[in-house]
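This report concerns only the one structure given below.
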Amino acid sequence: MTDNDTRDLIIIGGGPAGYTAALYAARANLHPLVIEGVGWGGQLMITSDVENYPGYVEGILGPEMMRDFRTQAERFGAEFLTEDVTSVDFSERPFRISVGDDEYRARAVIVSTGASARQLGIDSERELQGKGVSYCAVCDAFFFRDKEVVVVGGGDSAMEEAIFLTKFATKVTVVHRRDDFRASPIMLDRARANEKIEFVTNAVVEEVLGEEGRVTGVRIRDLNTGETTDLPAGGLFVAVGHDPNTKLFLEQLEHDEPGYLITQQGSTATNIPGVFAAGDVVDHVYRQAVTAAGTGAMAALDAERFLAAEEGHEAAALAAPRIEAEEAEAPLAVTSSGRAGSARASV
Ligand SMILES: Cc1cc2nc3c(=O)[nH]c(=O)nc-3n(C[C@H](O)[C@H](O)[C@H](O)COP(=O)(O)OP(=O)(O)OC[C@H]3O[C@@H](n4cnc5c(N)ncnc54)[C@H](O)[C@@H]3O)c2cc1C
């Protein structure tokens with residue numbers, strides 16, 4: 001901290017991106033405060049098994065993994081506030097961040113407020129989340145091997161998810177409320193050409209059916225006739241879009257049309273020097289825990305370098321640019337682990 005009131009770094013958001021940024025920043029002595037939101041842990045709190053995060057050989061439950069992330073950052077001194085930020089003022093430094101009537105100030109800020117998968121908004125969907133209801137085929141398709149599944153949606157994401165699911169499922173039924181699609185013709189053609197995919201149009205999912213806490217099917221309603229039909233299915237993939245959690249920042253940070261924040265290429269810097277962004281809040285392509293964590297690490301390194309440059313010792317920052325020639329000539333030092341490494345500090 002630079003004085004009693006102004007922090008070096010505040011991280012807004014406590015998902016994989018925010019906690020990884022906190023870990024790196026804490027280890028770089030930036031004493032970060034993570035304002036993690038009442039939804040601390042982020043999107044993985046509503047899933048069960050995560051099997052694609054490297055290092056967890058047997059897989060891990062999403063909430064347990066997020067507790068691990070948080071505890072690891074805490075171990076190095078990161079502090080947490082489990083409240084939602086209500087407004088930000090990035091117009092001058094130190095930046096001001098409000099949580100209700102309380103104001104926090106920081107020399108640098110990382111925004112990692114993630115995104116929210118849109119839901120259908122029916123009770124049975126909520127009850128069966130992580131028990132057959134999913135919002136991410138890349139994450140969960142593997143659990144639906146040899147099962148029939150339903151995908152809801154009519155855009156490119158829905159087509160992509162349906163096609164991906166055919167690698168595992170025996171049958172994929174795409175349910176869409178209209179008979180024309182937002183999906184691009186090429187994606188639609190690909191889905192239509194796939195013999196495992198069937199389409200039910202002009203229909204909505206009215207209820208997710210379950211037995212013993214697992215999805216067993218969906219009840220769909222034909223919008224023309226009002227008739228309902230039960231489709232047996234082991235899983236329901238809701239692919240009706242994501243919304244970035246960026247309402248607070250839209251007037252101050254550059255963003256694209258759907259509201260995802262824009263960062264400079266190869267960096268996490270936003271249009272405001274000292275404000276960085278990481279994770280799903282900037283990413284509408286990959287949307288994975290590991291990519292969010294990766295950009296969280298980048299944001300902490302970028303913030304550290306920014307603060308070090310301001311203090312006139314950029315070369316000492318962990319993310320200082322490597323000078324290739326010097327690196328090549330530098331004698332190898334033996335690190336505390338006993339392994340040979342370059343003389344540069346390791347993160
Ligand atoms: C059901 C489901 C299953 C998934 N399964 C997998 C999987 O198996 N493997 C995988 O790699 N990925 C999976 N994903 C994707 C993965 O969860 C996301 O890519 C990842 O969580 C993004 O991390 P993030 O830190 O950017 O954002 P998020 O996880 O969205 O976290 C955002 C954080 O910001 C906080 N926040 C939001 N607004 C505010 C505010 N105003 N003030 C303070 N804090 C705020 C929230 O409380 C939350 O803590 C899954 C996603 C879903 C929805």
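The numbers here are math on the coordinates, done by the rules we state, and not lab data. This structure is a prediction, so every number in the text was calculated from the model and none was measured. Neighbour counts are summed over all protein chains in view; Cβ atoms, including those assigned to glycine, are modelled from backbone coordinates with ideal geometry.
Once the piece of chain linking residue 102 and residue 51 is laid out straight, how much longer is it, given 0.36 nm per residue of separation minus the C-alpha distance between them?
The residue 102-residue 51 span can extend by a further 14.4 nm.
Would you mind classifying segment 253-318 by shape? Square roots of the alpha carbon gyration tensor eigenvalues, ordered a ≥ b ≥ c; an a/c under 1.5 is rounded, otherwise it is prolate if a/b is larger than b/c and oblate if not.
It is oblate, given that a/c is not under 1.5 and a/b is not larger than b/c.
What FRET efficiency would be calculated for the residue pair residue 285, residue 68, taking the C-beta separation as r and a Förster radius of 22 Å, to the nearest 0.05?
The calculated FRET efficiency here is 0.25.
Where a ≥ b ≥ c are the square roots of the eigenvalues of the C-alpha gyration tensor, would you call segment 1-136 rounded, which needs a/c under 1.5, or, failing that, prolate if a/b is larger than b/c, or oblate?
It is oblate, given that a/c is not under 1.5 and a/b is not larger than b/c.
Can you give me the convex hull volume of the Cα atoms of the chain, divided per residue and expressed in Å³?
Given the Cα convex hull of the chain, per-residue volume reads 173 Å³.
Name the shape class, rounded, prolate or oblate, that the alpha-carbon gyration tensor gives for segment 32-82, where a ≥ b ≥ c are the square roots of its eigenvalues, rounded holds for a/c under 1.5, and otherwise prolate holds if a/b is larger than b/c and oblate otherwise.
Oblate, because a/c is 1.5 or more while a/b does not exceed b/c.
Please list the three semi-axes, largest first and in whole Å, of the ellipsoid equivalent to segment 1-71, using sqrt of 5 times the eigenvalues of its alpha carbon gyration tensor.
For segment 1-71, the ellipsoid semi-axes come out as 27, 13, 7 Å.
How much length is gained if the chain between residue 212 and residue 252 is pulled fully straight, taking 0.36 nm per residue apart and subtracting their Cα-Cα distance, in nm to one decimal?
Extra length from residue 212 to residue 252 when fully extended: 9.6 nm.
Kindly point out which whole DSSP H helices in the chain project their C-alpha atoms 27 angstrom or further along the helix axis while averaging a Kyte-Doolittle hydropathy of 0.0 or above.
289-310
Among 272, 60, 12, which comes first, then next, by fewest other beta-carbon atoms within 10 Å?
272, 60, 12
Can you spot the lysines whose alpha carbon is less than 18 Å from residue 167's alpha carbon? Ignore those fewer than 8 places along the same chain.
Result set, ordered by chain and number: 147, 196.
By the scheme Lys and Arg +1, Asp and Glu -1, what is the net charge of all other residues having a beta-carbon under 10 Å from that of residue 112?
-2
Under 10 Å, Cα contacts only: if you run a Gaussian network model on the chain, which one of 86, 268, 216 comes out with the highest mean-square fluctuation?
Highest fluctuation among the options: 86.
With 10 angstrom as the radius, rank 284, 176, 313 by how many other C-beta atoms surround their C-beta, starting from the fewest.
With the sparsest Cβ surroundings first, the list reads 313, 284, 176.
Cut-off 20 Å, label point 7 angstrom out along Cα-to-Cβ of residue 195: give me the residues of segment 149-169 whose amide nitrogen falls inside.
Backbone N within reach: 149, 162-169.
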